[in-house]
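Report on the following structure.
We did not get these values from a lab; they are worked out from the coordinates using the rules stated. Note that the structure is predicted; figures quoted are calculated from it, not measured. Cβ placement follows ideal geometry from the backbone for every residue including glycine, while neighbour counts extend to all protein chains displayed.
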Amino acid sequence: MMDDIDAQRQHADIVPENVQGKRCKQIAETVLQVLMGLVGEIAVDGRFGVKDLSRIVEAIQRADGPLPAIYAEAQQQCGIAFHRASIEGMRRHHLNRLITEPFAGLVDRPEGIERNRLGQLFLAIRMMVGEEEHEEMRLAAEALAEAHRGADGVVDWEAFHADPEAVLLLESVLVAIANSFRRNDARRDWFLVVLNANPSAISTGSTAFTPLKPEDRARFAFTESHMAHIFGALFASVRRETFFGDRLRVFSKRWNVAPDKLFGPLFVDIARYG
């Protein structure tokens, strides 16, 4: 009987992900196979009594033997799946996720940026990029995420970030920020003012606001040092040492400027505080 169940579980592993109720279906198939196996063992000339079937069903309902482990495993897998789906539902702004990825390790770190301050960072970037271009980028990132969404409804984020279109989107954001920082001192002061804004409420309509709880507000000042660490990670993909082969020529042709000339002043500025 164990051999039959092991075979059933191996078969379940290759059921396509898009089968609705896959895990519940797997359990039902396993239980039915156990039922048929037990019936086969007691049947005489292919016949068996109703009382015998009732005893088998009662035994299965008690979940004796290997079935409890199968139930427990399926329950754990369902819990993981529901958790992933819950997290996925909160990841609605794919452009912001793309922007955050390079400095994700600095979120809620003393030298980085508080999670509660990310909203101000995204606002500042949107203002530097420009409303119209930012909206185009947002829609492009959303479409790209959908292209990498699997049959289970979850985006393959590793493939999303590695996609050449995502790389180009992030590069476009970095170019816009660097262009905005051509006047480093003035833009840096403005950036720090925006990042240190600490709203006590969020807008839910033209005249409606929802107060923020104290724990939902940023607690510490965002300084030049924090900016240097965040920008150092955010712009790591366009450091001089990353341009080799045809990338330098392609970048210069695409943006009509050499990367050193575009990003160099910003790197010099943040190096003063890093």
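Scanning the stretch 92-114 for residues that are of a type in the set (D, E, K, R) and assigned to a loop (DSSP other than H, G, I, E, B), we see that the one that is surrounded by the most Cβ atoms within 10 Å (Cβ to Cβ) is Glu114. A Cβ distance below 8 Å, combined with a sequence gap of six or more or placement on separate chains, defines the contacts here; from the stretch 253-274, residues that are free of Cβ contacts under 8 Å to residues at least 24 places away in the same chain reach residues that are of a type outside the set (Gly, Ala, Ser) and in a loop (DSSP other than H, G, I, E, B) in the pairs Pro259/Phe243. Scan the stretch 115-127 for residues that are in contact (Cβ under 8 Å) with a residue 12 or more places away in the chain and surrounded by fewer than 19 Cβ atoms within 10 Å (Cβ to Cβ) and the total you get is 5. Total residues in the stretch 135-166 satisfying the condition of being out of contact with any Leu (no Cβ under 8 Å at 6 or more places or on another chain), part of a helix (DSSP H, G or I) and either among the acidic types (Asp, Glu) or touching a residue at least 24 places away in the same chain (Cβ under 8 Å) (or both): the figure is 6. Of the candidates Val175, Val193, Val155, the single residue that is of a type in the set (Val, Ile, Thr) and closer than 25 Å to Phe243 by Cα is Val175. Scanning the stretch 234-254 for residues that are among the aliphatic types (A, V, I, L, M) and surrounded by 16 or more Cβ atoms within 10 Å (Cβ to Cβ), we see that the one that is farthest from Ile113 (Cα to Cα) is Val238.
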